[in-house]
Amino acid sequence: MDNNQSSTHYNRNPLVMTICPLELHHAEEICSWSYQDLYAIYNWPSWVQMQKDGIEFGDPVLRAAQYAAVIDDQHRLVGYAQFFPITGVTRLGLGLRPDLCGRGLGSAFTRLIAAEAFLRKPENEIDLEVVAWNIRAVRAYEQAGFQITDTYTRSTPQGESTCHCMVYEASRN
């Protein structure tokens, strides 16, 4: 195979991804996603519940300030990002559509979101938290340029969990 040929095997990131505002229809779709097994902890409440409680992207002000959609070249929702502001830090929250998980898209998806975080606040360090058992995510984040800088136990909706804080190395230069 020469450099001009491509295949899914050699081109692990065939999706063209773009960041845009997280619209109502994106938020509703995200709430319908269903992650399986251990990953079910990433399922959101129903869209009706999110709006009723005014939590996360169910709050229109928070949605506009902190959330973005990641779409493909056909305008299909690929995932979402949260750019959570902490003094001197942009903490990322992100989610890839469940049917796209495990297909080698995670590192490109994460790099795109980290680049957007840098554009929004170039003076900030960029980090994220990930539960330590989520090896698939940890690998994708490492491939995207993040490094584990701390490991700790914290309270989550599922109880106490060991988490890693990972910092985007490009933001430390």
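The values are calculated or read from the model by the stated rules, or taken from the named source; none is laboratory data. Small disclaimer: the values here were computed from a predicted structure and weren't measured. Note: areas computed on protein heavy atoms with side chains; ligands, DNA, RNA excluded. Shrake-Rupley method; radii C 1.70, N 1.55, O 1.52, S 1.80 Å.
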task: Could you do me a favour and compute the accessible area per residue for the chain, 1.4 Å probe, result in Å²?
output: 57 Å²
field: Computed helical MRE - 222 nm, the chain, DSSP H runs ≥ 4 contributing -39500 (n - 2.57), nearest 500
entry: -8000 deg cm²/dmol
- request: Show the residues, 5+ positions off or on another chain, whose built amide H is closer than 5 Å to the amide H of residue 91.
  value: 84, 86, 127
- prompt: For the chain, which DSSP H helices look membrane-span-like by this rule: Cα extent along the axis of 15 Å or more and mean Kyte-Doolittle of at least 0.0?
  reply: 106-120
Centre separation in Å (Cα based) which lies between the stretch 73-120 and the stretch 14-59: 13 Å
Other-chain or far-sequence residues with amide H under 5 Å of residue 163's (modelled H): 132, 152, 153, 154
- prompt: With θ set to phi - 60° and the Karplus curve 6.51 cos²θ - 1.76 cosθ + 1.60, what are the ³J(HN,Hα) couplings of the stretch 89-99 in order, to the nearest whole Hz, using x for Gly and Pro?
  reply: 9, 10, 8, 8, x, 8, x, 9, 3, x, 6
- request: Go ahead and set up a Gaussian network model of the chain, Cα springs under 10 Å, then flag whichever of 85, 157, 122 fluctuates most.
  value: 157
field: Under Karplus coefficients 6.51, -1.76 and 1.60, residue-wise ³J(HN,Hα) of the stretch 39-55 in Hz, glycine/proline x
entry: 6, 4, 4, 8, 6, 8, x, 4, 4, 4, 5, 4, 5, 4, 7, x, 9
- prompt: What residues qualify as long-range amide H neighbours of residue 78, i.e. H under 5 Å apart, gap of 5 or more or another chain, H built at 1.01 Å from N?
  reply: 70, 71, 72
query: If you plug each phi of the stretch 122-131 into the Karplus form 6.51 cos²θ - 1.76 cosθ + 1.60 with θ = phi - 60°, what whole-Hz ³J(HN,Hα) values come out, in order, with x for Gly and Pro?
result: x, 7, 8, 6, 10, 9, 7, 10, 9, 5
message: Over the chain, with a Gaussian network built from C-alpha contacts below 10 Å, which listed residue (156, 18, 110) shows the highest mean-square fluctuation?
response: 156
